[in-house]
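Everything below concerns the one structure shown next.
The values are calculated or read from the model by the stated rules, or taken from the named source; none is laboratory data. What you see is a predicted model, and the numbers here were worked out from it, not measured in a lab. Neighbour counts are summed over all protein chains in view; Cβ atoms, including those assigned to glycine, are modelled from backbone coordinates with ideal geometry. Heads up: the accessible areas ignore ligands, DNA and RNA and are worked out on the full protein's heavy atoms, side chains in. Shrake-Rupley method; radii C 1.70, N 1.55, O 1.52, S 1.80 Å.
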Amino acid sequence: MARSDAVPTTDAARTAQLALLVDSVVDYAIFLLDPAGHVATWNAGAERIKRYRADEIIGRHFSVFYTEDDRARRYPQYELEVATREGRFEDEGWRVRADGTRFWANVIITALRGPDGSLEGFGKVTRDLSARREAEETLRRAQEQLARSNEELDRFAVVAAHDLTEPIATVAGFARLLSERHGASLPPEGREFLGHMLASADRMQRLVGTLLMYARSGRSPHEATAVDVSQAARHVIADLATQIRDRGAQVIVNLDPGVCVCANRSEVELVLQNLISNAVKFADDETPVVAVSAERDPDADGGWIVSITDNGPGIDPADQRRIFEAFERAPVDAARRGTGLGLAICERVVTRRGGRIGVESAPGEGSRFWFALPEPDGSPSSVSEIAR
């Protein structure tokens with residue numbers, strides 16, 4: 001049998017060790033209250049945090065640590081009543097030091113009972129969380145300021161887009177009129193310049209319209225309802241019929257009519273329109289195929305992931321996060337280049353509803369854009385549709 005040189009620790013020795021430990025702690029105020037709430041013990045942490053010496057505070061009622069408002073509503077007594085009844089009380093709030101300054105405290109009060117169950121007093125542990133609270137308040141103020149700045153930028157974008165719409169339409173209208181009436185009589189160079197003017201005006205009209213849509217997508221959302229994604233996809237595909245036909249694309253929709261998400265119908269259609277339109281645009285040149293499907297969201301307690309997949313050239317991993325930022329685009333030829341706002345709009349709309357959006361892609365293997373939204377109540381059966 002192995003020989004042990006350890007000296008057995010007596011109850012008295014353990015009690016002394018525990019008292020030494022409590023007395024030595026400086027990051028927590030740890031002390032005892034009698035059953036009426038008077039301070040019975042005091043440790044180094046209590047002196048550091050509350051700034052009372054032991055001879056100044058022992059014997060006084062612990063309500064001295066509370067603000068005048070808390071004392072007026074008898075909040076210290078309420079804490080002891082809860083601790084007595086439930087065995088424990090925890091709270092965060094303002095407390096007062098000996099010099100009258102306030103600090104933000106986390107407080108835990110534990111009822112202490114004897115072998116016969118009688119209340120013998122309370123143990124109280126207090127932490128000074130002022131630094132954490134100040135950091136949280138600083139972050140909150142920064143977030144509020146950022147939100148205000150974003151709202152101001154969105155309002156500016158809406159006003160600017162509205163103000164630009166009419167002059168751009170005027171330039172585009174006169175340029176078309178000039179082309180129709182006098183285009184044939186212009187020299188080749190003049191017709192070339194006029195073509196550039198018309199293309200630029202069209203591009204500017206699309207950009208202003210998309211900018212207006214982006215600014216509006218940052219506003220407070222409309223009331224959420226149950227949106228049938230299958231129905232929304234059919235409406236979008238009908239709206240994109242000309243683009244789908246011109247590309248010779250096959251759009252395969254495989255959505256259960258029971259795929260419903262909690263959002264606003266116009267928002268869901270806006271996201272689907274951007275993602276399906278992009279998929280049609282970037283699908284394979286020879287045989288463009290786009291698929292729309294949905295599956296249960298494994299990362300949410302009730303919700304759907306809607307996927308739009310194409311068989312295009314794919315997206316480099318280095319560009320996959322960047323393309324969701326405003327005015328960012330993956331490297332593409334000029335004919336397929338958009339405004340750089342479509343995916344940013346999608347992300348704004350989806351995240352505003354508590355959802356997520358992303359892309360899975362690899363060069364040469366096509367792309368799968370997806371968005372996840374929470375589900376309301378309800379569900380029916382499955383349907384498959386092919387739209388050309």
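General remarks:
- Note on segment 60-76: among residues that are in contact (Cβ under 8 Å) with a residue 12 or more places away in the chain and assigned to a loop (DSSP other than H, G, I, E, B), the one that is most open to solvent (accessible area, probe 1.4 Å) is Arg60.
For every residue, the table says whether it meets (1) open to solvent by less than 80 Å² (accessible area, probe 1.4 Å); (2) under 30 Å from Gly195 (Cα atoms); (3) at pLDDT below 80; (4) not hydroxyl-bearing (Ser, Thr, Tyr).
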residue	(1), (2), (3), (4)
Ser130	yes, no, no, no
Arg133	yes, no, no, yes
Gln145	no, no, no, yes
Glu152	no, no, yes, yes
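One line per residue, one yes/no per condition, for (1) out of contact with any Lys or Arg (no Cβ under 7 Å at 6 or more places or on another chain); (2) of a type outside the set (Phe, Trp, Tyr):
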| site | (1), (2) |
| --- | --- |
| Ala29 | no, yes |
| Val39 | no, yes |
| Asn43 | yes, yes |
| Asp70 | yes, yes |
| Glu86 | yes, yes |
| Val96 | no, yes |
| Phe103 | no, no |
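- Gly354 vs. criteria at pLDDT below 80 and surrounded by fewer than 19 Cβ atoms within 10 Å (Cβ to Cβ): no
- Residue list for segment 218-273, filter: within 17 Å of Ser293 (Cα to Cα), among the polar types (S, T, N, Q) and open to solvent by less than 50 Å² (accessible area, probe 1.4 Å): Ser230, Gln250
- Evaluating Arg140 against the criteria (1) in a helix (DSSP H, G or I); (2) over 24 Å from the mean Cα position of the chain (by Cα); (3) at pLDDT 85 or above leaves one unmet condition, (2).
- Verdict on Glu79 being assigned to a helix (DSSP H, G or I) and surrounded by 15 or more Cβ atoms within 10 Å (Cβ to Cβ): yes
- Residue check, Ser277 at pLDDT 90 or above, hydroxyl-bearing (Ser, Thr, Tyr) and either in a loop (DSSP other than H, G, I, E, B) or closer than 19 Å to Pro376 by Cα (or both): no
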